[in-house]
Amino acid sequence: MSLKDQINADIKAAMLAKEKEKLTALRSIKSMILLAETEKGASEGISEDAEMKLLMKAAKQRKDSVDLFREQGRDDLADKEQGELAIINQYLPKQLSEEELKAELQKVIDQAGASGPQDMGKVMGMATKALAGKADGKTISALVKTLLT
């Protein structure tokens, strides 16, 4: 079942269960998918990779919003965004723990033959492709920087 079909089924279930917050989050995901499908130059549907990128983008937006709202003392809005983030995370693959991420990044660094901070760009390119959907870009960047120094 594609992500779009899964989201549609979950929207129906959320409507029947009258889960307002879940419904809002699912509709925002569906909106992103529909926009991607109707973009100029887009083919019939979108690939699983593109779906994953959309979900990661939505999750990152929610994380940034939570941080911003907490800074401004708007805990009510931060809690709402945190709830939507939890729903979006259900559709993302399991995120790697820090130890697992370090091990994967060390493999990528060994493959790239990186020897220092000057090779960070090469390692980041390979790491973001290899770990797409499994870890946040900021976390990957920070760990690569520490591993290369």
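Size of the dipole of the stretch 3-89 about the Cα centre, Lys and Arg at +1 and Asp and Glu at -1 on the beta carbon, nothing else charged, in debye to 20? It would help to have the intermediate numbers written out before the result.
Working: 16 positive and 18 negative charges, 41 e Å.
Charge dipole of the stretch 3-89: 200 debye, to the nearest 20.
Its relative contact order, with pairs defined as Cα atoms under 8 Å and 6+ residues apart, puts the stretch 98-148 at 45 percent. What you get for the chain, charging only the Cβ of Lys and Arg (+1) and of Asp and Glu (-1), is a dipole of about 180 debye around the Cα centre.
Each of Lys129, Lys57, Lys22 has some number of other Cβ atoms within 10 Å of its Cβ, and from fewest to most they run Lys129, Lys57, Lys22. Summing charges over neighbours of Gln72, with a neighbour being any other residue whose Cβ is under 15 Å away from its Cβ, gives -4 when K and R count +1 and D and E count -1. If I model a spin label at Lys30 and Gln95 as a point 7 Å from the Cα along the Cα→Cβ vector, what separation in nanometres do I get? It is 2.6 nm.
Largest mean-square fluctuation among Glu84, Glu39, Glu21, in a Gaussian network model of the chain whose springs join Cα atoms under 10 Å apart, belongs to Glu39. If only the Cβ of Lys and Arg carry +1 and only the Cβ of Asp and Glu carry -1, the dipole of the stretch 98-148 around its Cα centre is close to 180 debye.
Expressed in Å, the radius of gyration and Dmax of the Cα atoms of the chain are 17.9, 56. Of Ile88, Ile11, the sequence from fewest to most neighbouring Cβ atoms within 10 angstrom is Ile11, Ile88. Remark: relative contact order (the stretch 13-149) = 21 percent; criterion is Cα-Cα distance under 8 angstrom and separation of 6 or more residues. Backbone phi angles across the stretch 10-25, fed through the Karplus curve with coefficients 6.51, -1.76 and 1.60 (θ = phi - 60°), yield HN-Hα couplings of 5, 5, 4, 5, 5, 5, 5, 7, 6, 9, 5, 5, 5, 4, 4, 5 Hz in residue order; Gly and Pro are listed as x. Along each principal axis, taking the top coordinate minus the bottom one, the Cα set of the stretch 98-148 gives 25, 18, 17 Å in descending order. For the chain, modelled as a GNM whose springs connect Cα atoms under 10 angstrom apart, the maximal fluctuation among Ser97, Ser28, Ser65 occurs at Ser97.
Largest mean-square fluctuation among Lys20, Lys40, Lys94, in a Gaussian network model of the chain whose springs join Cα atoms under 10 Å apart, belongs to Lys40. The ranking of Arg74, Arg62 from fewest to most other beta carbons within 10 Å of each one's beta carbon is Arg74, Arg62.
Coordinate-derived values only; no laboratory data. Note that the coordinates shown come from a computational prediction; the quantities given were computed from them, not determined experimentally. Counting neighbours? That spans all protein chains shown, and the Cβs are built from the backbone with ideal geometry, glycine included.
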